[in-house]
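For reference, the structure is listed below as structure tokens.
The values are calculated or read from the model by the stated rules, or taken from the named source; none is laboratory data. The structure displayed is predicted, hence computed values, not measured ones. Cβ placement follows ideal geometry from the backbone for every residue including glycine, while neighbour counts extend to all protein chains displayed. Note: accessible area is taken over every heavy atom of the protein model, side chains too, but ligands, DNA and RNA are not part of it. Shrake-Rupley method; radii C 1.70, N 1.55, O 1.52, S 1.80 Å.
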Amino acid sequence: MFATFRVALAAFLSPPVDQPTVTQFAALCHRPAKTGGKKQGREVLLVSSSRGRWILPKGWPIAGKNPADAALQEAWEEGGVRRGKVNATALGAFDGEKRYDSGATVPCHTEVYSVSVTAMSKNYPEADRRNRIWVAPEKAAEMVDDDGLRGILRQFQASASAR
């Protein structure tokens, strides 16, 4: 019995087997906000996930595309960004979990790229599966679940306010 207890205790104290971390690329799409016909500040695009949460358009690496261009591709597919200028340097990154429809989760590292949006489309590949909304970065930070993404949105708000 004592041996069984030692095995159980060793299993409890041992760190879990490391799962490989997956990487995704996200687009922080932004445009000038309009209030009363005047441009004031910036607003960012959020899209709904398959589970109904508000997120940035994001996805997997794409063969033949660098991370920034992969993020821009996701902005088109998930958010309808027809034209935009993507910054080749990531705004930031955060770590979280990728949850699959099966319920399985894996550690996920997400790099976030700034996309200055110049044109949107009503018809885009995932228009029937996603809602989209333009909101102030601070409001977006309140709407998302991930602390790392919340921090990036607040940092973006601070930099946009400083301009």
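Details
- Compared with the alpha-carbon gap, the fully stretched path from Ile133 to Ala104 is longer by 7.6 nm at 0.36 nm per residue.
- Point-to-point label distance, Ala119-Asp69, nm (Cα→Cβ direction, 7 Å offset): 1.9
- Cβ-placed point charges (K, R +1; D, E -1), dipole of the chain about Cα centre in debye, nearest 20: 800
- Only helical runs count toward this figure. For the chain, summing -39,500 (n - 2.57) over DSSP H runs of n ≥ 4 and dividing by all residues gives -9000 deg cm²/dmol at 222 nm.
- Bridge orientation summary for the chain: considering DSSP beta bridges with both residues in this region, about 75 percent are antiparallel.
- Label point 7 Å beyond Cα of Met143 along Cβ direction - residues of the stretch 53-83 with amide nitrogen under 17 Å: 53-58, 75-76, 78-81
- Positive dipole terminus of the chain, leading residue within Ser50, Ala140, His30 (C-beta point charges): His30
- Atom-type composition of the exposed protein surface of the stretch 20-68 places 52 percent of the accessible area on carbon and sulfur (1.4 angstrom probe).
- Most mobile listed residue (Val47, Val22, Val112) in the chain, GNM with C-alpha springs under 10 Å: Val22
- Only one residue of Trp76, Asn66, Ala90 has its Cα farthest out toward the positive end of the dipole of the chain, where Lys and Arg carry +1 and Asp and Glu -1 on Cβ, and that residue is Trp76.
- Charge tally in the Cβ shell below 11 Å around Arg51, where Lys, Arg are +1 and Asp, Glu are -1, Arg51 excluded: 0
- The structure shown yields semi-axes √(5λ) of the Cα gyration tensor in Å, and of the options (1) 32, 25, 23; (2) 28, 19, 16; (3) 36, 18, 15 that calculated value carries the label (3).
- Label positions at Ala93 and Ile62, each projected 7 Å from the Cα along the C-beta direction, are separated by 2.0 nm.
- Kyte-Doolittle mean at least -1.0 and Cα axial length at least 20 Å: DSSP H helices in the chain: 147-162
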